[in-house]
2 protein chains.
Amino acid sequence: MTSAYQELTRTFQRLSRFGHLGAIAGVDMQTTMPPGGSQARGEALAELSVFMHELLTAPALEGLFSAAEQESLNDVEQANVAEMQRAWRQATLLPAALVEAKSLAGSRCEHAWRSQRPANDWQGFSANLKEVVRLSREEAQLRAAAASTSRYDALLDLYEPGMTSARLDATFGALKSWLPDLLQRAVAKQAQAPLQPLGPFAVESQKQLGLSVMKLLGFDFNHGRLDVSAHPFCGGVPDDVRITTRYNESEFLSAMMGVIHETGHARYEQNLPQQWRGQPVALARSTAIHESQSLFMEMQLGRSRAFLQHIQPQVVALMGEQPALETPNFIRLAQRVKPGFIRVDADELSYPAHVILRYEIERALIEGEIEVEDIPALWDEKMQQSLGIDTRGNYRDGCMQDIHWTDGAFGYFPTYTLGAMYAAQLYQAVKRAIPQLETLILNGELQPVFDWLQQNIWQHGSRFPTEQLLRNATGEALNPDYFRQHLEQRYLAD
Amino acid sequence: MTSAYQELTRTFQRLSRFGHLGAIAGVDMQTTMPPGGSQARGEALAELSVFMHELLTAPALEGLFSAAEQESLNDVEQANVAEMQRAWRQATLLPAALVEAKSLAGSRCEHAWRSQRPANDWQGFSANLKEVVRLSREEAQLRAAAASTSRYDALLDLYEPGMTSARLDATFGALKSWLPDLLQRAVAKQAQAPLQPLGPFAVESQKQLGLSVMKLLGFDFNHGRLDVSAHPFCGGVPDDVRITTRYNESEFLSAMMGVIHETGHARYEQNLPQQWRGQPVALARSTAIHESQSLFMEMQLGRSRAFLQHIQPQVVALMGEQPALETPNFIRLAQRVKPGFIRVDADELSYPAHVILRYEIERALIEGEIEVEDIPALWDEKMQQSLGIDTRGNYRDGCMQDIHWTDGAFGYFPTYTLGAMYAAQLYQAVKRAIPQLETLILNGELQPVFDWLQQNIWQHGSRFPTEQLLRNATGEALNPDYFRQHLEQRYLAD
């Protein structure tokens, strides 16, 4: 006889397989699809999400969950059921009509944004965004009522289960107290060592460099590949992970660091537990833990002196010798601090300012404290305060620069800075576990680092809550001091 | 209140949208996916096909069809219901267990074939093929009983509704009476004008040529694109048509003609009726009519003197000047007749021999007149008779060369030659409708040709049965004389 647990795993296996088709159609949409395909694709993906929502909210599941509680399940199976229930609760909260309306409004807003952003068309964009915000508030209200939290916290929980805006306010508030000063001092310090100019760099050489760095970082090319898209991302499924970057002939670090970042995401996906594949417990723990893996690779490892020293000969071999690529200048380039308009181009010290600004605006928006019309003025004010940058009238490089809000992904932004803090804490734990770490990196011997990540993060999927995962790996809960120490060490030391 | 007809259209719209996701995942599998992704992709696609089969065989449909008969529907709606019922009957005839067994046996046979073919391993292959044939016979038996036809005719009907083996025997029999002689005379005639050798040709130049020819042929790049795969195909969905070719640096005609052929398929797909999109009546009429569109572009138009003369300067501009590309030699290259082992490489005159041989063998196989063990000897005998080629012991380039039988797609092969005959008949009708056709082609002014196809074929989707479509377009039913006249004119005249 089939147990209730087995029946549940069958439903979630189906969901995983349909999710596979959606993931590949999504990757194709961003890397390959011609523009005219977008409406039909949007409709097909909306149809899929409605169907997956039906599967996940089938009335039979509730009974199966009750029956499974009476069955004797091991630890992993229990964690799997807990993740199933989490997904089920999140889904049953929303009526199908709302799911479909939000998906369609998101597709419409995102599609129009692709031409509205270059045209700096805030009027056109805000009309679509209002509908997305309206539906996101409706979603947040339903989730908040069920979880007895605030509306914004209910959305935040989708990306980092257990996190609250109260904790974020405390953590980000602390960051805001010391980061602007650190940033100013780093900029002043770097002004004393001017940079050599760079370029140009052939796209093909940049691609070869990216592939070579992916190999160094252990990317499995039998189960993934590198493509090109307007914005770098990591998509696909664990057995077929698609990462992307984009190339600019006048500059190669941005594409290379994009590849290193996405390779961090990819290695997590590729090393999620094989034996539970297709089940919720085999998924990545959270968006914030995912980001910790990409930032571990990019910020902790990839921009470290030792790593840059190790890859410098390879960079010169592919890009040709030039003064800018001599090691001291190459390191200065990779660690350069320069506040600017664009989040995705931001350096490690400016990035949290971009995130905190978005967090404050989106929380107020979801809580109903502000409206879409209020965004540009708030944006201008906060950019001036935090980074001293004037964005007035420049929507394109201001509040229209990101894709997240177009799709209604409110609650996502904080995970970037949470991920940066987790990454710093994990890297300190790696340093303690591998005393000779710097020498290994200088020699490109990274296997011990991968083994540590595999042992402490990758293999566990969603088996433990984030806080327990972090405690098991590092001995303590989130401690932002590691992030501060890391930044002071990198940008102010010597 | 929702009418039964509206409810039916909603079911078929869902099927179309899920089919969209399967089509894109299929294209990705053949153009992009890394090898290690294949198992997970196979499982996801199998899950999708089981689900789509469930949708199409849902018990509620029968009642909706009855109710829709009482509703007042216009012509197109009636044709749409007829196509829905056709799809529904085809699906409900087969028990789910048989569908699944055939899909698994087909996957197994095809997967093993990929290594058995290069190894010339007929013993290994035939063991798997027997199981595919057994299940295909079972399928044919069920379909034949329901339709009161022969087993093979029931399968043929899947690819060209209304066609019978009696009509094929008569048509192909006539072809066999004159084609071998025509072929011999063409080969003898061409021996008098030897060819200049070609090459090499950079892949990038070949790609530019392909894109340029697609543009000339009216391909809509806003709703489609060109990629690379092991075997050329046309896939995707009408709003996003993906065609592929493959490149060989020693030869460019094969890639270019592949692109022209697939562009023929693509223009049909891209111009299927927009207003009924997602409904069965908006689908291509049949596999054979689809092939008529690709062969219209490739064989009737693309290999004509006038077309080759028009594109020759473009070819020279991209490939560089060489004696082989001077116009008379370029035309001889594109119209060269050279019987060989491989169907997909066959010229226009040899191709029907390959098809008729396969038709005769697969019909006898499905009707139970022969067994899998009998295939090689029959293949050798028929290749010797029709093309004078010795295939004994060479299974790899003989009866193991095609993918169709591995998947159990019996009944498909005749559509290649039916398509060639339809194409010749359509082209004659175009000539009658556009007296100055040759001059227009010489000037690259092809819009009147596209308008004629749009008017007579593309816009109708599946609104009419094939025979009526052909009668409306050309004034008569299938008449193979046009194909003969075309071949005699091209290969024996002057």
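The values are calculated or read from the model by the stated rules, or taken from the named source; none is laboratory data. Just so you know, these numbers come straight off a predicted model, no measurement behind them. Note that each Cβ is placed from the backbone with ideal geometry, even for glycine, and that neighbours are counted across all protein chains shown.
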Subject >> Every residue from the stretch B:1-42 that is without any contact (Cβ under 8 Å) to a residue 12 or more places away in the chain, over 30 Å from B:Y247 (Cα atoms) and of a type in the set (S, T, Y) >> reply: B:T2
**OP:** Return a yes/no flag: does the stretch B:268-284 have any residue that is without any contact (Cβ under 8 Å) to a residue 60 or more places away in the chain and touching a strand residue (DSSP E or B) at 6+ places or on another chain (Cβ under 7 Å).
**Re:** yes
Original post:
Of all residues in the stretch A:117-166, how many are touching a residue at least 12 places away in the same chain (Cβ under 8 Å), assigned to a helix (DSSP H, G or I), more than 26 Å from A:E467 (Cβ to Cβ) and among the basic types (K, R)?
Top reply: 2
**OP:** Could you list, in sequence order, all residues of the stretch B:380-400 that are closer than 25 Å to B:Y159 by Cβ and surrounded by 21 or more Cβ atoms within 10 Å (Cβ to Cβ)?
**Re:** B:M383, B:G398, B:C399, B:M400
**OP:** Check off (1) surrounded by fewer than 23 Cβ atoms within 10 Å (Cβ to Cβ); (2) at negative phi; (3) more than 21 Å from the chain's Cα centre (by Cα); (4) not aromatic (F, W, Y) for A:H404 and give me the number that stays unchecked.
**Re:** (3)
**OP:** Kindly list the number of the only condition in (1) more than 9 Å from every other protein chain (Cβ to nearest Cβ); (2) surrounded by fewer than 21 Cβ atoms within 10 Å (Cβ to Cβ) that fails for A:G106.
**Re:** (2)
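When the residues of the stretch A:23-44 are filtered to those that are hydrophobic (A, V, I, L, M, F, W, C) and in contact with a helix residue (DSSP H, G or I) (Cβ under 6 Å, 6 or more places away or on another chain), which remaining residue is farthest from the other protein chains (Cβ to nearest Cβ)?
Step one: filter the stretch A:23-44 for residues hydrophobic (A, V, I, L, M, F, W, C), giving A:23-25, A:27, A:29, A:33, A:40, A:44.
Subset that is in contact with a helix residue (DSSP H, G or I) (Cβ under 6 Å, 6 or more places away or on another chain): A:24-25, A:29, A:44.
Numbers: A:I24: 5, A:A25: 5, A:M29: 9, A:A44: 4 Å.
Selected residue: A:M29.
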**OP:** Mind listing whichever residues of the stretch B:240-265 are under 26 Å from B:R277 (Cβ atoms), of a type outside the set (D, E) and in contact (Cβ under 8 Å) with a residue 60 or more places away in the chain?
**Re:** B:R242, B:T244
Subject >> Sole exception among (1) more than 9 Å from every other protein chain (Cβ to nearest Cβ); (2) closer than 18 Å to B:G42 by Cα for A:M52, by number >> reply: (2)
**OP:** Take the residues in the stretch A:474-485 that are touching a residue at least 24 places away in the same chain (Cβ under 8 Å) and assigned to a helix (DSSP H, G or I), then tell me which one is nearest to A:Q274 (Cα to Cα).
**Re:** A:T474
Original post:
Given (1) out of contact with any Leu (no Cβ under 9 Å at 6 or more places or on another chain); (2) more than 30 Å from A:M52 (Cβ to Cβ), where does B:V99 come up short, assuming only one miss?
Top reply: (2)
**OP:** Of the conditions (1) away from chain A (no Cβ under 11 Å); (2) within 15 Å of A:A25 (Cβ to Cβ), B:T9 clears all except one; give me its number.
**Re:** (2)
**OP:** Run A:A353 past the list (1) modelled with pLDDT of 95 or more; (2) over 20 Å from the mean Cα position of the chain (by Cα) and report the number of the one that doesn't hold.
**Re:** (2)
Original post:
Within the group A:A288, A:A266, which residue is within 14 Å of chain B (Cβ to nearest Cβ) and under 12 Å from the mean Cα position of the chain (by Cα)?
Top reply: A:A266
**OP:** Give the stretch A:248-266 a look and list any residue that's touching a Ser or Thr at 6+ places or on another chain (Cβ under 9 Å) and not aliphatic (A, V, I, L, M), or say none.
**Re:** A:N248, A:F252, A:S254, A:G258, A:H261, A:E262, A:T263, A:G264, A:H265
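Between B:A82, B:A68, which is more than 25 Å from A:V50 (Cα to Cα), more than 8 Å from every other protein chain (Cβ to nearest Cβ) and surrounded by fewer than 17 Cβ atoms within 10 Å (Cβ to Cβ)? It would help to see each step written out before you state the result.
Values: B:A68 fails: surrounded by fewer than 17 Cβ atoms within 10 Å (Cβ to Cβ).
One residue alone meets the criteria, B:A82.
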